[in-house]
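Encoded as structure tokens, the structure appears first; notes follow it.
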Amino acid sequence: MSGKKNRFTVLSLFKSVKTTMLCLFSLLIVITMAIFLLISVDYTKKTVLENSTDYTSRLVRQVNRDIDSYIDYMENISSMIIQGGDVQKYLFMKMPKEETEEVYGRIVTQFNTVVEARQDISNIAVVTPERDFIINGGADKLNENVSLQDVEWFEEALKGDGSILTASHVQHVIRNNYKWVVTLGKGIENPQTGKNGGVFFIDLNYKLLKDLCENNSLATNSYVFIVDEAGKIIYHPKQQLLYNGLKEERIEEVLECASDSYFITDERGEGEGKLYTVSVSEKTGWRVVGVADISELMKNKKETESVYVLTAAVLLGIAMVLAIFFATAITRPIKELKDSMKEVEKGNFENTDVVIRSDSEIDSLGNSFNLMTAKIRQLMEQNIYEQEEKRKSEMKALRSQINPHFLYNTLDSIIWMAEGGKNKEVVRMTSALARLLRQSISNDNERIPLEKEVDYAGSYLTIQKMRYRDKLEYEIEVAEDIKKEEIINLILQPLVENAIYHGIKYKGSKGLIRIVGYGEGDHIILKVIDNGIGMDEAALKGIFDKSRASEGNNGVGVHNVQTRIRLYYGAEYGLHFESTLGEGTTVTIVIPRNFREGEQDEST
Amino acid sequence: MKVHRKTALLWAAAITALALLGIFFWNNRRRDDGKNSIIFIPKVIDEDNDFWKLLIEGVEMAAAENNMDLTIVAPETEDDYAEQNALIEWAVEQNPSAILLTPSSFTETTPYAKKIVESGIPLILVDSEIDEDIADTVITTDNVKLGEVEGDYMRQYATEESQIAIIGHVEGSSTAIEREEGVRKGLGEYEDKIVDVVFCDSDYDKAYLLMMELMEKYPDIDLVAGLNEYSAVGAARAIKEKGRQDIRVVGIDSSLEEIQFLEEGIFEIIVIQNPFKMGYLGVEAAARLLNGEKVAKHIDSGCELISNDSVYTEENQKLLFPFREE
């Protein structure tokens with residue numbers, strides 16, 4: 001038993017099943033919540049990052065497309081102008097002055113139209129290495145301090161075929177210009193030599209790029225920059241910082257990157273990574289790069305996380321309350337069963353039935369318990385009934401019968417008196433005998449009023465007194481207030497009989513028997529006092545011995561009275577003998593007052 | 001017992017929920033609190049002046065990078081120290097996280113700069129200094145170095161016969177003194193070839209006239225150092241007018257005119273300060289001070305030598321031509 005107790009079980013963790021359930025529920029809930037939280041947070045992070053990269057790459061692609069469409073537009077303009085032929089005519093054909101001026105006028109008008117129509121075009125010009133030029137509306141001049149051979153892009157455009165695109169730079173070829181531009185240049189073929197004899201170029205206002213890159217709805221602290229294939233910066237909002245060495249840009253990594261891809265840097269010094277989204281233009285070869293602080297992108301994530309945590313907390317609270325509720329509900333039948341069992345343990349079989357609500361295991365347990373207690377109760381009732389029956393038959397058996405010797409002696413006495421003509425005495429004795437017999441025969445009732453019991457003893461004493469003539473005297477003193485009390489019958493007479501045969505009979509002189517009855521508290525005290533020979537200690541001790549009764553005189557006797565009283569009233573009641581040798585004996589009967597049989601058992 | 005446990009659990013749940021709420025709001029609060037404010041008081045806000053434009057650009061960029069609220073206030077003119085002092089008082093009242101100041105006056109600004117320091121606001125001086133060492137940090141161009149670069153360059157062409165002139169801006173001003181000192185240092189053994197040091201009071205015309213006079217006085221003059229944009233441009237104008245190709249002029253600071261003179265070959269070189277870097281470093285120093293980091297007392301924002309053929313390099317373009325909205 002104890003060995004089993006020491007074995008570890010979940011239930012042995014806590015004192016009650018309910019606490020165990022609660023704790024395990026809580027543990028379960030918390031673990032579930034934590035796992036749920038971790039997964040959601042992780043998932044959110046992934047989703048947010050995915051969305052962000054998706055968003056930024058779309059944005060960056062859009063910027064790239066916008067730039068492409070601008071460049072396209074510029075190329076269209078340059079193609080249109082070059083293919084118009086006027087430029088070539090003006091630069092390379094020898095024409096009469098009038099015609100030259102006419103062509104010049106046409107070109108200037110064309111240039112003017114473009115520059116005025118498009119705010120994003122800073123300059124439009126044609127320049128030859130020989131320093132012939134037409135710039136914008138014709139008012140602008142070449143910067144005489146700049147030698148064209150030194151201007152990289154000019155040389156490139158002149159020597160190459162197709163158009164070239166510069167990084168952002170200050171336009172210093174045109175005098176007093178110094179605007180920040182991106183130049184789209186194209187060589188113009190001299191039809192006479194078959195080689196490029198000049199350069200047509202359009203300067204794109206740098207502001208255009210700036211606007212394109214800055215008017216995006218990326219998060220704060222994020223930016224867009226553009227590098228060309230060689231890694232030269234076309235546009236960067238923090239170009240100054242880069243040139244001043246105050247900041248570094250991940251140009252190499254950007255150049256290694258495929259189009260429409262992204263990478264994340266983890267600048268340890270700053271603690272937070274940056275998301276680089278790269279889009280490569282097929283047209284220009286430029287790489288448009290969106291740079292965003294992960295922490296900024298994750299701003300939403302933090303909020304979402306907070307909402308998650310909050311929801312989890314609220315759910316946790318609700319779940320706890322529910323757990324308490326459920327644990328209570330589940331364990332209630334067990335608790336009820338336990339309480340019932342405690343009652344049964346104490347011996348109380350009344351109202352111990354457990355309420356059965358369903359047919360769960362616990363309820364079937366309760367059901368079994370109910371059946372068991374019912375069975376026990378039934379068995380106990382049966383037992384009690386049988387005991388009662390047994391007692392009753394015992395009582396019957398123990399009830400004192402009229403001693404046949406006594407009857408015979410009495411009848412003998414009557415005969416003698418009748419022969420002696422003592423009619424009066426005959427009548428008295430016969431009526432006393434008749435009373436005695438009637439009472440002895442008629443009382444099926446175990447209980448009779450005290451006065452009747454006293455009468456019975458009185459009748460007996462009357463007969464005995466007449467038989468023993470002068471040898472016996474008796475007195476009856478019963479208090480009025482107990483006369484109506486019901487007591488079991490046939491208890492006084494055997495005692496009186498005992499007093500006569502063992503006390504008075506052997507006394508030389510006249511004997512006196514007193515019957516005294518009175519109430520004392522909840523008890524009725526009945527005393528049979530004789531002044532006979534009395535008993536010694538040994539006789540007193542053996543007074544209740546059955547053998548003594550059988551050995552002697554009338555078969556019934558003190559023992560039976562004692563047994564009956566105890567059977568009927570309980571062990572605490574019964575007879576008490578006091579005796580002094582030579583002086584007499586007093587038997588005291590103590591029985592309860594107002595005794596109801598139901599108080600002790602259920603006998604009828 | 002049963003009831004107690006129940007309430008205890010309920011309390012535990014409630015406390016957990018409250019704690020989580022607390023963390024949530026604390027997080028939010030901290031996100032908002034991190035913003036520092038900074039007030040920058042330059043000598044002037046002049047959109048047409050490249051120096052100020054670049055300086056402010058640097059300040060603005062650093063403020064954006066460091067997530068600071070930036071306010072810029074300045075007097076109408078560069079030398080209006082009274083107005084600037086009033087602005088300093090106003091700025092102190094605003095109780096910003098830090099104040100960036102380009103003092104208008106070496107002496108007159110000092111008492112007001114003191115007020116900033118006394119009110120416990122970090123003070124960062126940018127470009128110019130005051131006569132007391134009370135600022136948390138000073139970010140300037142090393143003026144001696146600036147002059148030294150000029151002098152060093154001139155020394156290559158100096159000979160025993162050389163006649164060297166220095167055209168300063170304001171006599172007695174700290175920058176003029178330091179730059180002159182630098183030029184002398186750079187010239188080394190040819191320091192004694194300096195024939196004259198004149199001051200133009202930051203006026204193109206006066207510088208022009210002074211150069212004219214110098215050319216008359218010293219016909220063999222072959223090396224001229226201008227100590228700021230006014231003196232350099234004024235001298236260059238005079239030299240161009242006289243067509244004296246033999247005179248090598250070096251200048252400090254840049255302007256479009258100066259660059260054009262450089263393109264034309266009037267200027268041999270110009271030495272430029274880096275106002276963008278100055279402004280940027282100023283705000284960055286403020287940010288670091290506010291972060292509890294240590295910042296050097298003096299920070300040199302450096303200078304750059306620009307020659308004819310290095311004007312249009314990728315790096316120098318940005319230094320010389322601030323981007324202008326049109």
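A few points about this structure:
- Trypsin sites (Lys or Arg not before Pro) within segment A:46-124: DSSP coil, no more than 14 neighbouring Cβ in 10 Å: A:Lys94
- Based on Cα contacts under 8 Å between residues 6+ apart, chain B shows a relative contact order of 17 percent.
- In a DSSP loop and with at most 11 other Cβ atoms within 10 Å, the trypsin sites (Lys or Arg not before Pro) in segment A:411-495 are A:Lys484.
- When trypsin sites (Lys or Arg not before Pro) are flagged only if DSSP places them in a loop and at most 15 other Cβ atoms lie within 10 Å, the longest unflagged stretch of chain B comes out as B:36-293.
- Farthest towards the positive end of the charge dipole of segment B:119-225, among the residues B:Ala158, B:Leu125, B:Val170, is the Cα of B:Ala158, using unit charges on the Cβ of Lys, Arg, Asp and Glu.
- Distance between the pseudo-spin-label points of A:Leu567 and A:Asp470 (7 Å out from Cα toward the beta carbon): 4.4 nm.
- Whether segment A:349-393 is rounded, prolate or oblate, judged on the alpha carbon gyration tensor where a/c under 1.5 counts as rounded: prolate
- When you filter the GluC sites (Glu not before Pro) in segment B:159-266 for DSSP loop state and at most 14 other Cβ atoms inside 10 Å of their Cβ, you are left with B:Glu160, B:Glu161, B:Glu171.
- Inter-centroid distance (Cα atoms) of segment B:51-91 relative to segment A:334-378, Å: 90
- Taking 19 Å as the straight-line reach from the Cα of A:Lys195, the aspartates and glutamates in range (excluding those fewer than 8 positions away in the same chain) are A:Asp86, A:Glu130, A:Asp132, A:Glu152, A:Glu155, A:Glu156, A:Asp161.
- Sorting the segments A:525-533, B:279-287 by their mean number of nearby beta carbons within 10 angstrom, highest to lowest, gives B:279-287, A:525-533.
- Those aspartates and glutamates that a straight Cα-Cα span of less than 13 Å connects to B:Lys318, excepting residues fewer than 8 apart in one chain: B:Asp50, B:Glu57, B:Glu304
- Under-23-angstrom lysine pairs by C-alpha in segment A:402-599, whenever the two are 8 or more apart or on separate chains: 27
- Dipole magnitude for segment A:392-471: computed about the Cα centre from +1 point charges on Lys and Arg Cβ and -1 point charges on Asp and Glu Cβ, it is near 100 debye.
- Ignoring aspartates and glutamates fewer than eight residues from A:Lys346 along the same chain, the ones with Cα atoms less than 18 angstrom from its Cα are A:Glu336, A:Glu381.
- Cα gyration tensor shape of segment B:143-272, rounded if a/c is under 1.5, else prolate or oblate by comparing a/b with b/c: rounded
- Burial ranking of peptide ranges A:137-146, A:511-520 (average Cβ count within 10 Å, highest at the top): A:511-520, A:137-146
- Total charge dipole magnitude, chain A, about the Cα centre, Cβ charges on Lys, Arg, Asp, Glu only, Debye to nearest 20: 3540
- Counting charges near B:Ser301 (Lys, Arg +1; Asp, Glu -1) among other residues having Cβ under 9 Å from its Cβ returns a value of -2.
- Within segment A:86-153: Cβ-based charge dipole about Cα centre, in debye rounded to nearest 20 (Lys, Arg +1; Asp, Glu -1): 120
- Ordering A:Met93, A:Met80 by the number of other Cβ atoms within 10 Å of each residue's own Cβ, fewest first, gives A:Met80, A:Met93.
- Only DSSP H runs of four or more residues enter the estimate; each adds -39500 (n - 2.57), and after division by the residues of the protein assembly as shown the mean residue ellipticity at 222 nm equals -16500 deg cm²/dmol.
- Cβ-based net charge around A:Gly517, under 11 Å, with every Lys or Arg adding one and every Asp or Glu removing one: -4
- Cα gyration tensor category, rounded, prolate or oblate, for chain A with a/c compared to 1.5: prolate
Values in this text are rule-based calculations from the coordinates and carry no lab data. Keep in mind the model is a prediction, meaning the values are calculated, not measured. Cβ: placed from backbone, ideal geometry, glycine included. Neighbour counts: every protein chain shown.
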